[in-house]
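Got a structure here, written out as structure tokens. Questions coming.
The values are calculated or read from the model by the stated rules, or taken from the named source; none is laboratory data. None of the values given here were measured: they were computed from a predicted structure. Note that each Cβ is placed from the backbone with ideal geometry, even for glycine, and that neighbours are counted across all protein chains shown.
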Amino acid sequence: MRIQLAWEEPATGDMREPLLEVPIALGRDFNSMVTQLQGTPVSRIVLNSLEVSRYHALIVQDISGLMVIDQDSRNGTLVNGIRNPRSTLANGDTIQIGPYAITVSFVARTQLRPPRSSQIFFSPQTQLPDPNQPSPQSSVSTVRANQANQQPFPPRIFEEEQVAVQDVYATGLEVEEVDYLAVGGGLGSFVWTDVLRISGVKSSQITALGIAPQPYARYQQLCRSSQIPPHERLRSNSDSCPDNIWGWPSYALREAWHNFWRGRIPASLRYLWQVFAEPTFIQTYTPRSGNVFNAIDREAKRIGWEQIFRYGNVRAIRKTADGRYCVAYSATQTQERKHGFVIARYLQLATGYPAIRFLPDLQDYRLKAHDFQSVVNAYEPHDPVYEYLEEHGGIVLIRGRGIVASRILQRLYEARKRNQEIQVVHLMRSLKPEGNKFRQAQRSVENHYEFQPFNWPKGCWGGELREIMEKANSQERQRLLADWGGTTTADRQDWKRIVDEGIRSGWYNIEFGEVERVEREANKLVTYIQEKKFKGQLRLEADFIIDATGLEADVSASPLLDDLVTHYNLPLNDLGRLSVSNDFELVEMRSSRGRMYASGIITLGGPYAAVDSFLGLQYVALRTVDAIAKSKAPRLHKLNLVTSLYQWLKWVGNLSP
């Protein structure tokens with residue numbers, strides 16, 4: 001018998017969907033699992049987690065049907081949330097082994113399941129998610145076709161391993177030479193530039209290439225689309241301050257001080273008490289998104305970001321013959337085509353998430369029905385959904401669970417205050433009976449939501465977790481990230497109360513199952529699922545569907561990174577991200593005079609866990625700048641106690657570094 005197993009990698013959210021013949025052995029150690037059972041070859045699946053035993057479970061077929069048999073594992077095997085040493089499997093059941101929730105599907109030998117996730121790419125001109133934006137592969141084909149009757153860009157010299165600087169100048173295009181170059185122009189680039197400026201580098205020595213002058217532009221747009229306007233609070237710590245590497249004064253202290261001077265004494269004292277008593281006696285303080293962006297604006301002006309930033313969509317990166325790096329970029333904003341180059345000695349890659357993850361059955365429906373209003377992604381602008389619901393009511397189906405889904409549900413709760421005729425159905429692929437474990441610690445779970453403590457980025461920065469990750473090899477890091485778990489729903493009491501109230505009142509319901517298709521019938525969106533509780537097909541009707549499955553971080557989804565990896569045959573780590581050293585250097589790209597570094601989600605699986613947090617971006621910036629300082633880079637001085645205090649005083653006084 002052939003079955004399909006499907007699960008999300010706990011560390012990355014990437015889907016794995018092997019199609020296998022029974023029997024199937026599952027465990028942590030490939031060599032410990034059986035190879036044959038009664039003369040029949042055994043398929044083997046490796047689940048890289050310390051919560052998984054070396055030989056954990058076996059899926060077999062006998063006279064009773066398909067069975068999963070626990071192999072005396074330490075943590076047991078759960079089927080649909082129930083632990084049994086031996087369980088019968090039905091189509092759509094979920095096997096929980098450690099942090100892995102594995103869905104079982106019966107598949108005919110000729111049937112192939114479509115991929116579980118697709119992507120919505122950001123427009124290179126607007127930074128907005130564009131459902132009509134072609135994939136990187138099709139973009140390359142289009143560009144090549146358009147170049148048939150015009151001069152190609154990047155030029156043919158970029159086909160070489162190294163480019164000669166004189167050949168770059170010979171193109172006749174604009175060329176700029178600097179010591180430090182940040183590629184991406186977003187928050188990762190901004191934080192790195194900020195640390196360089198604080199460490200003594202002049203703004204004239206730094207260039208940042210991006211397509212939006214505000215370093216937070218894409219992040220701000222994603223916040224607004226996912227219903228976090230300026231007055232709403234992020235799911236972030238008080239002292240996670242991208243505008244302030246010292247983290248003091250924190251956002252809570254600044255907000256308390258602001259309220260104090262406006263005469264709002266009770267509010268000021270409440271914020272101070274909140275940071276003092278959190279998280280035991282009171283909910284953790286989180287900053288308003290507008291305050292974060294205003295603080296970044298202040299710091300950007302202080303460090304001269306306006307002089308550092310250059311508009312440009314980076315197309316390719318190559319080593320130069322004299323030991324530096326050459327970056328080719330396009331800066332076409334009107335009908336006039338403009339291209340140029342930047343040559344730099346030290347280069348930082350902080351390109352962020354290249355795309356939005358979008359469920360393929362929803363994308364198939366949108367393309368078939370040309371309906372981009374009732375089926376939306378949480379990261380797309382979709383305010384009309386809430387405006388319609390507040391006026392007319394209706395049913396909303398949420399797909400995906402996590403930090404984005406938590407905010408969407410909170411926004412729907414706010415809409416219900418204006419219209420009680422709003423119902424919410426939350427469709428989850430599988431049950432979540434227990435949270436991720438590591439040693440004696442375990443994340444809490446309520447109503448099948450796993451909660452992430454707010455001290456997670458702090459623990460990665462200054463605690464034992466950082467040292468463990470730095471000493472581990474690539475496979476061990478993958479295992480640790482699987483056990484620790486990725487970014488999940490924030491542990492907020494107000495949000496938990498919304499869920500509890502919704503379940504008690506009946507306006508919020510959770511369903512589980514595998515989606516077969518989405519259709520429009522009688523002016524309703526109908527989602528057909530293989531429902532788990534009754535092992536049959538279920539119809540879920542809704543007026544709107546919101547996909548909250550998150551962002552895509554696959555390196556191959558970025559044309560720039562895909563080209564760099566392919567051209568130089570760069571290694572990827574076990575999570576499929578860029579392989580970096582403990583100083584976040586791409587060692588294979590090292591040249592005689594230059595160094596290349598990477599930051600953010602594209603380094604997940606490296607020496608640091610919370611790479612896509614504010615604190616993670618700051619930690620990487622500090623490590624890379626320290627490494628650059630050791631190479632005796634021009635005008636760069638490593639921070640010490642005296643210089644750090646001096647620069648902090650300048651920050652307080654809003655003086656240029």
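If you take the residues of segment 192-229 that are aliphatic (A, V, I, L, M) and in a helix (DSSP H, G or I), which of them is surrounded by the most Cβ atoms within 10 Å (Cβ to Cβ)?
LEU196
Looking only at segment 483-532, filter to residues that are assigned to a loop (DSSP other than H, G, I, E, B) and among the small types (Gly, Ala, Ser); which one of those is nearest to ASN447 (Cα to Cα)?
The residue in question is GLY506.
So which of SER556, SER581, SER591, SER613 is of a type outside the set (A, V, I, L, M, F, W, C) and in contact with a Pro (Cβ under 7 Å, 6 or more places away or on another chain)?
The match here is SER613.
Being within 30 Å of VAL625 (Cα to Cα) and of a type outside the set (Ser, Thr, Tyr) is the filter here; which residues of segment 348-400 pass it?
GLN348, LEU349, ALA350, GLY352, PRO354, ALA355
Is it fair to say THR624 is in a helix (DSSP H, G or I), in contact with an Asp or Glu (Cβ under 7 Å, 6 or more places away or on another chain) and at pLDDT 95 or above?
Criteria met by THR624.
Can you say whether ALA328 is touching a His at 6+ places or on another chain (Cβ under 9 Å), crowded, with 23+ Cβ neighbours inside 10 Å and at pLDDT 90 or above, as far as the supplied structure shows?
yes
Residue under question is ARG466, and the condition is that it be outside any strand (DSSP E or B), over 22 Å from LEU47 (Cα atoms) and outside the structural domain of VAL52 (by TED's automatic domain parsing); does it hold?
yes
Among the residues of segment 254-291, write down those that are in contact with an Asp or Glu (Cβ under 8 Å, 6 or more places away or on another chain), part of a helix (DSSP H, G or I) and touching a residue at least 24 places away in the same chain (Cβ under 8 Å).
SER289, ASN291
Yes/no matrix, rows are residues, columns are (1) without any contact (Cβ under 8 Å) to a residue 12 or more places away in the chain; (2) in the same structural domain as VAL611 (by TED's automatic domain parsing); (3) crowded, with 18+ Cβ neighbours inside 10 Å:
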{"residue": "THR549", "(1), (2), (3)": "no, no, yes"}
{"residue": "SER558", "(1), (2), (3)": "no, yes, yes"}
{"residue": "ASP563", "(1), (2), (3)": "no, yes, yes"}
{"residue": "HIS567", "(1), (2), (3)": "no, yes, no"}
{"residue": "SER579", "(1), (2), (3)": "no, yes, yes"}
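Applying the selection to segment 442-459, what residues are buried (at least 20 other Cβ atoms within 10 Å of the Cβ) and farther than 11 Å from GLY485 by Cα?
Those that are buried (at least 20 other Cβ atoms within 10 Å of the Cβ) and farther than 11 Å from GLY485 by Cα: TYR449, PHE454, PRO457.
Hey, any hits in segment 230-245 for a residue that's buried (at least 16 other Cβ atoms within 10 Å of the Cβ), without any contact (Cβ under 8 Å) to a residue 60 or more places away in the chain and outside any loop (DSSP other than H, G, I, E, B)?
Yes, segment 230-245 has at least one match.
Checking the conditions here, which among LYS417, LYS437, LYS496 is at pLDDT 85 or above and closer than 19 Å to TYR386 by Cβ?
Result of the check over LYS417, LYS437, LYS496: LYS417.
Answer with yes or no whether ARG401 is over 30 Å from LEU561 (Cα atoms), at pLDDT below 95 and surrounded by 21 or more Cβ atoms within 10 Å (Cβ to Cβ).
no
Cβ-Cβ under 8 Å, sequence separation 6+ or interchain: first residue in segment 457-476 and of a type in the set (Phe, Trp, Tyr), partner in a helix (DSSP H, G or I). Which pairs?
Matching pairs, first to second residue: TRP461/LEU615; TRP461/GLY616; TRP461/TYR619.
Hey, another quick one. Which is more than 28 Å from LEU575 (Cβ to Cβ) and surrounded by fewer than 18 Cβ atoms within 10 Å (Cβ to Cβ), of GLY502, GLY462, GLY506?
GLY506
Considering segment 292-324 alone, what residues qualify as being under 25 Å from the mean Cα position of the chain (by Cα), of a type outside the set (Val, Ile, Thr), assigned to a strand (DSSP E or B) and closer than 22 Å to SER203 by Cβ?
Within segment 292-324, PHE309, TYR311 meet the criteria.
Filter segment 331-373 down to residues that are over 17 Å from LEU560 (Cα atoms) and of a type in the set (Phe, Trp, Tyr) and give me whichever is surrounded by the fewest Cβ atoms within 10 Å (Cβ to Cβ).
Out of the qualifying residues, it is PHE372.
May I pose another question? What residue, of LEU253, LEU269, is outside the structural domain of TYR619 (by TED's automatic domain parsing), among the aliphatic types (A, V, I, L, M), more than 30 Å from ARG345 (Cα to Cα) and buried (at least 16 other Cβ atoms within 10 Å of the Cβ)?
Exactly one of LEU253, LEU269 is outside the structural domain of TYR619 (by TED's automatic domain parsing), among the aliphatic types (A, V, I, L, M), more than 30 Å from ARG345 (Cα to Cα) and buried (at least 16 other Cβ atoms within 10 Å of the Cβ), namely LEU253.
Yes/no matrix, rows are residues, columns are (1) without any contact (Cβ under 8 Å) to a residue 12 or more places away in the chain; (2) out of contact with any helix residue (DSSP H, G or I) (no Cβ under 7 Å at 6 or more places or on another chain); (3) β-branched (Val, Ile, Thr); (4) buried (at least 24 other Cβ atoms within 10 Å of the Cβ):
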{"site": "VAL587", "(1), (2), (3), (4)": "yes, yes, yes, no"}
{"site": "SER592", "(1), (2), (3), (4)": "no, yes, no, no"}
{"site": "SER599", "(1), (2), (3), (4)": "no, no, no, yes"}
{"site": "THR603", "(1), (2), (3), (4)": "no, yes, yes, yes"}
{"site": "TYR608", "(1), (2), (3), (4)": "no, no, no, yes"}
{"site": "VAL611", "(1), (2), (3), (4)": "no, no, yes, yes"}
{"site": "GLN618", "(1), (2), (3), (4)": "no, no, no, yes"}
{"site": "VAL625", "(1), (2), (3), (4)": "no, no, yes, yes"}
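Read through the list (1) in contact with a Pro (Cβ under 7 Å, 6 or more places away or on another chain); (2) closer than 20 Å to MET15 by Cα; (3) not acidic (Asp, Glu), then give the number of the only condition that GLN475 fails.
Of (1) in contact with a Pro (Cβ under 7 Å, 6 or more places away or on another chain); (2) closer than 20 Å to MET15 by Cα; (3) not acidic (Asp, Glu), only one is false for GLN475: (1).
Sticking with this one: Of the residues ASP130, ASP179, which single one is buried (at least 16 other Cβ atoms within 10 Å of the Cβ) and modelled with pLDDT of 95 or more?
Residue meeting the stated conditions: ASP179.
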